[in-house]
Amino acid sequence: MNITKGETLVDCILETKQLTKEFKGFIAVDHVNLRVKRGSIHALIGPNGAGKTTCFNLLTKFLKPTSGQILLDGQDITRQEPAEIARLGVIRSFQISAVFAHLTVLENVRVALQRQLQTSFHFWKSENSLNELNDQAMALLSEVDLANFASLTAVELSYGRKRALEIATTLAMAPKLMLLDEPTQGMGLEDVDRIRQLIKKVAASRTVLMVEHNMSVVSSIADTITVLQRGATLAEGTYAQVSKNPAVIEAYMGSTNKELAGAH
């Protein structure tokens, strides 16, 4: 995909060039050119088997691409290892096992913040050594509307609030780019709305790339939507643009198509 008029490399935080992943003759991701604009919410959607999760796994280097390039801030990161990708600021939420059921909500965020003290996972250190992180942890909990739940253990939280806690632990990693993989999956309407509002809030000063099946969520918060089908880019644009695209409508035949057309 070419840079549009008035767009610069500075505007683009993540770019893929002809990104391809093949599994023994099956092409899961097929020459995908993706450009994620800095400070935006960018959604990857598509029918089941479209290649969305494989694309995420390529971006976080849990899979190695068969061919193509991945650029972060213009730097080629195609051959970097997963840990290095995370250090560069590409953090995938709900993939990090940083939520411990029997620690308090505050303690969970403090564990995620330990990287700043260079004592990551040194559980034998005195708890007092982490007290200096309390203010920062509480600030993050306030950002995800969990400050009032700081003293509860994570196991006591509702499903939606556990997801909010996972977002807080992701924010503690100081992400340049947050990758959210199905953030509202399995939620009731109330929790979906809470997470929708939360994503919009945290994205005000960050960049978010998300895979999401809930078209109501996508239509209400995504700035740009890339539609994948059979591993290839089918369409890209705003929700208004892609939802009227005949090829997209055809790809979403049946009940999913009704959801696509009815989301506002």
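The values are calculated or read from the model by the stated rules, or taken from the named source; none is laboratory data. From a predicted model like this one, the values you see are computed outputs, not experimental measurements. Neighbour counts run over all protein chains shown; Cβ positions are idealised from the backbone, glycine included.
Please enumerate the residues belonging to segment 232-264 that are touching a strand residue (DSSP E or B) at 6+ places or on another chain (Cβ under 6 Å) and at pLDDT below 85.
Matches in segment 232-264: ALA251 only.
If SER67 satisfies all but one of (1) at pLDDT below 95; (2) over 29 Å from ALA154 (Cβ atoms); (3) over 19 Å from the mean Cα position of the chain (by Cα), what's the number of the condition it fails?
Every listed condition holds for SER67 apart from (1).
Quick test for you: out of ARG206, ARG194, ARG161, pick the one residue that is of a type in the set (D, E, K, R) and under 16 Å from the mean Cα position of the chain (by Cα).
Criteria check complete, one pass: ARG206.
Among (1) part of a strand (DSSP E or B); (2) farther than 22 Å from LEU14 by Cβ, where does LYS162 come up short?
Just one mismatch for LYS162, condition (1).
For LYS176, all conditions in the list (1) touching a helix residue (DSSP H, G or I) at 6+ places or on another chain (Cβ under 7 Å); (2) basic (Lys, Arg); (3) surrounded by fewer than 22 Cβ atoms within 10 Å (Cβ to Cβ) hold save one; what is the number of the exception?
(1)
Are any of the residues in segment 195-206 modelled with pLDDT of 95 or more and of a type in the set (Ser, Thr, Tyr)?
Checking segment 195-206: not a single residue is modelled with pLDDT of 95 or more and of a type in the set (Ser, Thr, Tyr).
A quick yes/no check of all residues on (1) surrounded by 22 or more Cβ atoms within 10 Å (Cβ to Cβ); (2) modelled with pLDDT under 95; (3) assigned to a loop (DSSP other than H, G, I, E, B); (4) over 20 Å from the mean Cα position of the chain (by Cα):
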residue	(1), (2), (3), (4)
ILE3	no, yes, yes, yes
GLY6	no, yes, yes, yes
ILE13	yes, no, no, no
LEU19	yes, no, no, no
ASN33	no, no, no, no
ASN48	no, yes, yes, no
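List, please: which pairs have Cβ atoms under 7 Å, are six or more places apart or on different chains, and start with a residue in segment 189-214 that is under 14 Å from ALA43 (Cα atoms) and end with one that is acidic (Asp, Glu)?
VAL211/ASP181; VAL211/GLU182; GLU212/GLU182; HIS213/GLU182
Taking segment 165-189 on its own, how many of its residues are at positive phi and part of a helix (DSSP H, G or I)?
First, the residues of segment 165-189 that are at positive phi: 174, 182, 186.
Filter once more, keeping what is part of a helix (DSSP H, G or I): none.
The qualifying residues number 0.
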